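In what follows, a single structure is set out as structure tokens and then discussed.
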Amino acid sequence: MKDIFFCPEESNFYSNCLENLVLRSCQNPESIVEFGSGDGSPVINSLLRNKFDGVIQGFELNTSAWKAANLTIDEYNLTEKYIINNACLFKSDKPEAKYLVANPPYLPAPDPDIYMPLLFGGIDGATVTNNLLSLGYENVLVLISSYSNPNSTIEQAKDYGYIVNNFVVLPLKFGHYSSEPKVKKHIEELRKQKMAFYSGDYYFLAGVLFSKCQTQQTDLSQELAQVLTSL
């Protein structure tokens with residue numbers, strides 16, 4: 001249900017990453033799995049703007065978000081292209097697909113007792129993202145925050161046999177949930193440990209396409225790390 005609570009700027013960024021890094025590279029028909037579909041708006045907007053002959057199978061735990069997404073999917077006659085399950089991907093039979101896409105929860109905090117617990121990404125903010133990489137899909141598109149231990153995700157990806165195929169970066173201002181005193185103090189502590197990177201009220205959000213290593217394919221892991229840790 002993440003996208004329901006996030007600013008339109010982040011939702012649009014996720015949608016643009018999906019289009020430019022995944023949909024326009026797909027060899028149709030293609031299968032895509034999405035973790036945490038929320039209200040479905042990023043995918044719906046992308047499908048309306050692009051020709052895609054495959055199927056995107058989403059997973060969303062929050063029933064209200066799932067119902068809202070399906071109403072919009074029905075409205076735009078996308079029922080054959082976008083199917084959302086009211087279930088957890090980690091607890092479901094893993095669907096076969098060439099791509100896994102997600103805007104996962106990445107808010108770091110000492111515990112989930114925060115303004116919006118659904119945004120809790122673990123103590124360092126990278127837990128859910130790193131768990132998604134463990135599912136073993138050939139290509140994984142995720143949004144990574146510079147204040148959510150980005151180096152751990154890059155290293156975890158290498159351990160699982162991924163390279164950074166491509167990425168785009170957006171500077172964002174700390175929002176309502178990341179500015180909660182408890183959360184902000186925790187992020188400041190992570191910064192001291194070189195696990196969070198930001199400048200003033202701004203941080204970087206990167207849309208990253210990880211791909212299983214192929215011969216002669218350029219790995220942009222170092223470039224991504226340099227950008228995300230530059231603040």
*asked:* Taking the criterion of being in contact with an Asp or Glu (Cβ under 7 Å, 6 or more places away or on another chain), among the charged types (D, E, K, R) and touching a residue at least 60 places away in the same chain (Cβ under 8 Å), would at least one residue in region 3-21 satisfy it?
replied: yes
*Kindly indicate the residue of region 143-181 that is part of a loop (DSSP other than H, G, I, E, B) and polar (S, T, N, Q) and also farthest from residue 226 (Cα to Cα) among those meeting that condition.*
179
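Which of the residues spanning region 162-176 are in contact with a strand residue (DSSP E or B) (Cβ under 9 Å, 6 or more places away or on another chain) and open to solvent by 30 Å² or more (accessible area, probe 1.4 Å)?
At the first step, the residues of region 162-176 found to be in contact with a strand residue (DSSP E or B) (Cβ under 9 Å, 6 or more places away or on another chain) are 162-174.
Of everything in region 162-176, those that are in contact with a strand residue (DSSP E or B) (Cβ under 9 Å, 6 or more places away or on another chain) and open to solvent by 30 Å² or more (accessible area, probe 1.4 Å) turn out to be 165, 166, 167, 168, 169, 170, 171, 173.
From 16, 28, 85, which residue is of a type outside the set (Asp, Glu) and out of contact with any strand residue (DSSP E or B) (no Cβ under 9 Å at 6 or more places or on another chain)?
One residue alone meets the criteria, 28.
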*Which pairs do you get when a residue that is open to solvent by less than 10 Å² (accessible area, probe 1.4 Å), found in region 46-74, comes within reach of a residue that is among the hydroxyl-bearing types (Ser, Thr, Tyr) and part of a strand (DSSP E or B), reach meaning Cβ atoms under 6 angstrom, with the pair 6+ apart or on two chains?*
54/31; 56/82; 73/82
_Subset of region 182-231 (residues that are out of contact with any Leu (no Cβ under 7 Å at 6 or more places or on another chain), in contact (Cβ under 8 Å) with a residue 40 or more places away in the chain and in a helix (DSSP H, G or I))_ = 182, 186, 187, 190, 191, 221, 223, 224, 225, 227, 228
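Given the residues 130, 139, 151, which is the only one that is in contact (Cβ under 8 Å) with a residue 24 or more places away in the chain, surrounded by fewer than 24 Cβ atoms within 10 Å (Cβ to Cβ), of a type outside the set (A, V, I, L, M) and within 19 Å of residue 21 (Cβ to Cβ)?
On the way: 130 fails: within 19 Å of residue 21 (Cβ to Cβ); 151 fails: within 19 Å of residue 21 (Cβ to Cβ).
Result: 139 is the single residue among 130, 139, 151 that is in contact (Cβ under 8 Å) with a residue 24 or more places away in the chain, surrounded by fewer than 24 Cβ atoms within 10 Å (Cβ to Cβ), of a type outside the set (A, V, I, L, M) and within 19 Å of residue 21 (Cβ to Cβ).
The values are calculated or read from the model by the stated rules, or taken from the named source; none is laboratory data. Given the structure is predicted, the values throughout are model-derived calculations rather than measurements. Cβ sites come from the backbone with ideal geometry, for glycine too, and all protein chains shown count toward neighbours. The accessibility values were calculated without ligands, DNA or RNA, using every heavy atom of the protein model including side chains. Shrake-Rupley method; radii C 1.70, N 1.55, O 1.52, S 1.80 Å.
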